[in-house]
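Undergrad: Handing you this structure, nothing more for now.
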Amino acid sequence: GFFLPGALTLRLPRPHSTYALIGRYKVHGGFVRFLRDSLATLISLGGTFLLGIVSSILTARLLGIEGKGILTLAFLLPSLCVTLTSLGPSSANAYFLRRREVPVGTLLANSSLFALVATLVSVACVAALWPWLGHRFVPGVSLEMAVLGMALVPLALLTDYALSVLLGAVDWEWRSTW
């Protein structure tokens, strides 16, 4: 095979093989399944996009320009905390699962515990630094709204860690149809 950037391997089929694989789909017989799965993915992404547009329009209409800006600032704080507290468990999950050194349950338990601790530390830091930094970096956002927005931190961290476990579980080989 040939080495491609991103550590993916392209393996060319043997000349005597009767079919080649695209992911998990057989070219001779699984094409309908491939189209069905692709259409389902397209519909779900399109639905998510439309829901995002509708929620953005409703938020702008109900809260007004200033209220939408304050809401955006309130959600910016948890996003910043997630970025600062990620600290690498995602990469470690994918690495250890791919090497089969640690069971999935242990990785998920450790990730859940780390997400809980990171959330508690983030909320404590935001609450402690709020009197000095709150009005400068997120003007118009109350401490209560900031702490409520911080409820998104564990959900975002757990989603990131669970996706990294899925990433480590996937067999990353491309198979050519040539």
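Undergrad: Considering the range 137-159 alone, what residues qualify as being out of contact with any Phe, Trp or Tyr (no Cβ under 6 Å at 6 or more places or on another chain), in a helix (DSSP H, G or I) and either among the small types (Gly, Ala, Ser) or modelled with pLDDT under 85 (or both)?
TA: Across the range 137-159, the qualifying residues are PHE137, GLU144, MET145, ALA146, VAL147, LEU148, ALA156.
Undergrad: For the range 115-126, which positions are within 16 Å of ASP160 (Cβ to Cβ) and either open to solvent by 70 Å² or more (accessible area, probe 1.4 Å) or hydroxyl-bearing (Ser, Thr, Tyr) (or both)?
TA: LEU116, VAL117, THR119, SER122
Undergrad: Right, something else. Conditions: (1) within 30 Å of PHE31 (Cβ to Cβ); (2) not in a helix (DSSP H, G or I). LEU166 meets all but one. Number of the miss?
TA: Tallying (1) within 30 Å of PHE31 (Cβ to Cβ); (2) not in a helix (DSSP H, G or I), LEU166 fails exactly one: (2).
Results for (1) of a type outside the set (Gly, Ala, Ser); (2) under 30 Å from GLY168 (Cβ atoms), shown as yes or no for each residue.
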position: LEU73; (1), (2): yes, no
position: SER79; (1), (2): no, yes
position: PHE114; (1), (2): yes, yes
position: THR119; (1), (2): yes, yes
position: VAL123; (1), (2): yes, yes
position: ARG136; (1), (2): yes, no
position: GLY140; (1), (2): no, no
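Undergrad: Now, a different point. Exactly one of these conditions fails for LEU97: (1) in contact with a helix residue (DSSP H, G or I) (Cβ under 9 Å, 6 or more places away or on another chain); (2) open to solvent by 60 Å² or more (accessible area, probe 1.4 Å); (3) within 30 Å of ALA169 (Cβ to Cβ). Give me its number.
TA: (2)
The values are calculated or read from the model by the stated rules, or taken from the named source; none is laboratory data. Predicted model, so just to flag it, every value in this text is computed and none were measured. Positions of Cβ are generated from backbone atoms using ideal geometry, with glycine treated the same way; all protein chains shown enter the neighbour counts. We work out accessible area using only protein heavy atoms, side chains counted, and drop any ligands, DNA or RNA first. Shrake-Rupley method; radii C 1.70, N 1.55, O 1.52, S 1.80 Å.
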